[in-house]
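Computed from the coordinates by the stated procedures, all read-outs in this text should not be read as laboratory data. What you see is a predicted model; the values in this text were computed from it and never measured. Cβ: placed from backbone, ideal geometry, glycine included. Neighbour counts: every protein chain shown.
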Amino acid sequence: MTHAVETTQRIAVKTAAEETATEILLGPGVLSEAPTHLSRYAASRLVLVADENVAPLYGEQLRDRLARGGFRADLLRVAAGEEAKTLETLARLYAGLHDAGVERDDVVVAVGGGVVGDVAGMLAATYLRGLTLIQVPTSLVAIITASVGGKVGVNFMSHKNLIGCFKQPALVLADTDTLRTLPPVEFQSGLGELLTVGVLGAPRIFLALEAGGARDLLPLMAEAVRCKAAVIEADPYDRLGIRAKLNLGHTFGHAFETLSGFTLPHGLAVGVGLHVAARLAAQLKMCPPELPVRIRRVLTSLGLPAELQGYAASDVVEAMRHDKKRTGGRLRWVLPTALGEVELVGEERVPSALLEEVLTELVGRGLVR
């Protein structure tokens, strides 16, 4: 990966419900200045949360750097992967904060990918009725999505993010140098999310990926964060229908993740969900027929799956019926109408036979019938 821009991008996200804006610092070397960035917080203690993979890479390093900068910093570890997004993990973290004597003016720092951001965000939102949260995303998925928007949560009853709330971080330190240590599949997962943002509202991202693949990622990441920030500022709590556009690919994607037992990486599932949504939109004559073709081509060029095998259409639909975004017991999907434009579509507008046909073609092959 090369950086086209070697300067830190500063992005502010201000919602009407927050007294101050979230500041996002995105670029190489951001973490080296962490003590300076955190000096504005009058916390007596910083509690870092990292998973067992990220802790030795960045968690311990950041804790020690903060300690040298005069901060009192502790590090709590959780399991790596989706298995950590549970109420049990949250309970262990509550106990860790209690044992450390954490008070209301202390700060929780989430160091890692989207899972850690979710769990640590829930921790900060609920312990002592709310602590300041700082996000330090170390994966491409987390930089693009989890660190922006304030949605945090844990899985429950085998369903993704069924328990959650909103918790805007006060500060996001997104050091792009951390992407160099990402496993290839996690990097690809982030590309799936990046492409999806390009389709839902940032066409320049899609066109750049279509033209040259995954080169010069820093400006594309900044574009994705700004796109999301604009949506979130307009609809911070997902009540006006504006923020729903960010769910493009996610209703299908979350179903695929659930059915895989959370072994399918999030961004890969969302990428396939994006392709399914585009194919469905084309069949409904909501978008040009070439759009799903272009999406499939870019997914393939990035080394991402455009289809899956072995997922029965009926199982996918059943999994989606547990999706928290349904209303009145009815499913809703965000479908693309053009590059950079989407529409929220209710289940009543999508013939069940067509939905089954598209799902069977794109994710159901290889089933034993």
Check your understanding: For the range 278-294 and the range 216-254, what is the separation of their Cα centres, given in Å?
Key -> 21 Å
Check your understanding: For the range 9-182, with only Lys/Arg (+1) and Asp/Glu (-1) charged at the beta-carbon, what is the dipole magnitude about the Cα centre, in debye rounded to 20?
Key -> 240 debye
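About its Cα centre, what dipole magnitude does the chain give when the only charges are +1 on Lys and Arg Cβ and -1 on Asp and Glu Cβ, stated in debye to the nearest 20?
Values: 38 positive and 41 negative charges, 100 e Å.
Its charge dipole is roughly 480 debye.
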Review point. Among the aspartates and glutamates, which have Cα under 19 Å from the Cα of LYS324 when same-chain residues fewer than 8 positions away are ignored?
Key: GLU82, ASP118, ASP235, ASP238, GLU257, ASP315, GLU343, GLU347, GLU348
Point to revise | Pairwise label distance in nanometres, GLN61 with ILE242, each label 7 Å out on the Cα-Cβ vector | key: 3.8 nm
Exercise for review: Could you please state, rounded to a whole Å, how far the C-alpha centre of the range 51-71 is from the C-alpha centre of the range 88-128?
Suggested key: 16 Å
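Once fully extended, how much extra length lies between SER158 and GLU341, figured as 0.36 nm per residue of separation less the alpha-carbon to alpha-carbon distance?
In short, 62.7 nm is gained.
Looking at the range 9-182 only, what percent of DSSP beta bridges run antiparallel? Nearest 5 please. All intermediate terms of the calculation are to be shown ahead of the outcome.
Details: 10 of 34 bridges.
In the range 9-182, DSSP labels about 30 percent of beta bridges as antiparallel.
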Review point. Any idea which of ALA125, GLY101, GLY340 is furthest toward the positive side of the dipole for the chain, if Lys and Arg beta-carbons carry +1 and Asp and Glu beta-carbons -1?
Key: GLY340
